[in-house]
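Contents: one structure, followed by commentary.
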Amino acid sequence: MRDGHGPATPTTSTALTGQLAKGPVTLAGTATASPDYLYDVSQSYPDAIPTKLAVRPTARSLATVTSRFSDTTTRKATEARYDCRDYQWPPCIGSVDEVPTDSTRTDYVSTQAGTSWYSDVYHEAGWEQRGTQESFKAGSRATQTWFAPVSSQHTGPGYWGPANQDTWLTLNVPSYGGSGVVTGTRDAATVHSTLSEGGTVLGEGDSQALYVDVPQKEDTLRTFTFEQTATSDADDFAYSTSQDTTWTFVADTAKAADGGFGDTTALPFLQLGYDVATDRHGTVRAGSLVPVRVTPSFDDGVAHAGKVRKVAIKVSYDDGATWRSAPAVRLGSAWTTVLLTPRHGADAVSLRVTASDDAGNAVNQTVVRAFGLR
């Protein structure tokens, strides 16, 4: 049950029927098109129908999720949080509602055992973002941000990821993901992908996905590169207007012992996650110190991944025309640099990050107009 309306003034059925017996009755009420709070409450009874079906959640039994819909102006998006259960078909069921962007909403979400949720949003200008199926703990607090900088090319549970079956490589990287595991695509974006080995192009196409049967070689543990460029119109979205990412990855292309295809193996595409404290419009203050946190990681279950040893960050204030190094310090699994943004003469920050591990995998990612200056 999804509800964003406040309590109504109670009217007993006896009083109402009594008034109706005397003639027409006018009922008046108020409603808010886009409330700043929402209840996503679910209760399932898989084995039996109980006598009492009333659901009475309490503040302690629900989780609180702050949903942020970033945008440079208020527009429309459709959004849903689906109730997912392993015995349902389809496994995730929910309703799609309209929500204004450039807004923040507080959600109260069910947490009982067996309950998990999947969320996604679709911007009226053609930008879809997908989250992941997750459960919440009673009393916990979380923040879910949509359409926020830094939007970049990375994999996640919302789309199937890069993998191979022997010499058959299936490569897929959505181009406009967000924070954490949020992945996404823009309808009007121009995307081009290229797979190479040793400078030789093995496959390319105007899509986020490639399917290539690479030539066999005696050495089956091989190094490939996958490059993807993505550009979109700044009139639709002001930031992440141009991206160029090249992954260097190691894959084992040995044929299965029985001569057929082997099991699918997830490929070690090194991912970059960004953490920048922008406002709801995707900007930071010009002339201020701005921490930028970059976290390199691999998706769960990939083969031939090593330990990340090197990360380098560069920054541009002229949409990528010139670049300067931004020294970074490693703290745990992340590298952090602090930018002193220019007070005048720039309206956006572009980022270029390179990272590599000790097993031969690497990533080089450029995001032009990664976030804005105000």
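The values are calculated or read from the model by the stated rules, or taken from the named source; none is laboratory data. As the structure is a computational prediction, the values presented were derived from the model and not from experiment. Note: ideal-geometry Cβ built from the backbone for every residue, glycine included; neighbour counts use all protein chains shown. The accessibility values were calculated without ligands, DNA or RNA, using every heavy atom of the protein model including side chains. Shrake-Rupley method; radii C 1.70, N 1.55, O 1.52, S 1.80 Å.
Which condition breaks for D233 when tested against (1) exposed (fewer than 15 other Cβ atoms within 10 Å of the Cβ); (2) in contact with a strand residue (DSSP E or B) (Cβ under 6 Å, 6 or more places away or on another chain); (3) not in a strand (DSSP E or B)?
Failing condition for D233: (2).
Of the numbered conditions (1) surrounded by fewer than 13 Cβ atoms within 10 Å (Cβ to Cβ); (2) within 26 Å of the chain's Cα centre (by Cα); (3) not in a loop (DSSP other than H, G, I, E, B), G18 satisfies every one except a single condition; which is it?
(2)
Per-residue answers, yes or no, for (1) over 20 Å from the mean Cα position of the chain (by Cα); (2) in contact (Cβ under 8 Å) with a residue 24 or more places away in the chain; (3) assigned to a loop (DSSP other than H, G, I, E, B):
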{"site": "A286", "(1), (2), (3)": "yes, yes, yes"}
{"site": "R293", "(1), (2), (3)": "no, yes, no"}
{"site": "A305", "(1), (2), (3)": "yes, yes, yes"}
{"site": "R309", "(1), (2), (3)": "yes, yes, no"}
{"site": "G320", "(1), (2), (3)": "yes, yes, yes"}
{"site": "L351", "(1), (2), (3)": "no, yes, no"}
{"site": "T354", "(1), (2), (3)": "yes, yes, no"}
{"site": "A370", "(1), (2), (3)": "no, yes, no"}
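Could you list, in sequence order, the residues of region 81-90 that are more than 19 Å from the chain's Cα centre (by Cα) and under 19 Å from V41 (Cβ atoms)?
Selection gives R85, Q88.
Out of (1) aliphatic (A, V, I, L, M); (2) within 16 Å of N364 (Cα to Cα); (3) part of a loop (DSSP other than H, G, I, E, B), what's the single condition that is false for V250?
(3)
Please name all residue pairs, on different chains or six or more residues apart, with Cβ atoms under 6 Å, provided the first residue is in region 122-146 and is within 19 Å of S110 (Cα to Cα) and the second residue is assigned to a strand (DSSP E or B) and among the hydrophobic types (A, V, I, L, M, F, W, C).
So the pair list comes out as Q133/C84; F136/A63; F136/V109; S140/A63; A142/V65; Q144/V65.
Of all strands (runs of 3 or more DSSP E) completely enclosed by region 76-148, which ones contain at least 3 residues that are open to solvent by 20 Å² or more (accessible area, probe 1.4 Å)?
Because the criterion is at least 3 residues that are open to solvent by 20 Å² or more (accessible area, probe 1.4 Å), the strands (runs of 3 or more DSSP E) in region 76-148 that meet it are 76-84, 97-100, 103-109, 116-123, 141-146.
Take region 250-262 and flag every residue that is modelled with pLDDT of 80 or more and open to solvent by 30 Å² or more (accessible area, probe 1.4 Å).
D252, A254
Would you be able to tell me the number of residues in region 177-207 that are under 30 Å from T143 (Cα atoms) and open to solvent by 40 Å² or more (accessible area, probe 1.4 Å)?
Adding up the residues that qualify gives 5.
Of all residues in region 275-306, count the ones that are in contact with a strand residue (DSSP E or B) (Cβ under 6 Å, 6 or more places away or on another chain) and either closer than 28 Å to T74 by Cα or of a type outside the set (G, A, S) (or both).
Final tally of qualifying residues: 17.
Within region 335-349, track down each residue that is hydroxyl-bearing (S, T, Y) and under 22 Å from the mean Cα position of the chain (by Cα).
Result: T336, single match.
Of all the residues that make up region 208-219, how many are part of a strand (DSSP E or B) and either open to solvent by 30 Å² or more (accessible area, probe 1.4 Å) or of a type outside the set (A, V, I, L, M) (or both)?
Residues flagged as part of a strand (DSSP E or B) and either open to solvent by 30 Å² or more (accessible area, probe 1.4 Å) or of a type outside the set (A, V, I, L, M) (or both) within region 208-219 amount to 2.
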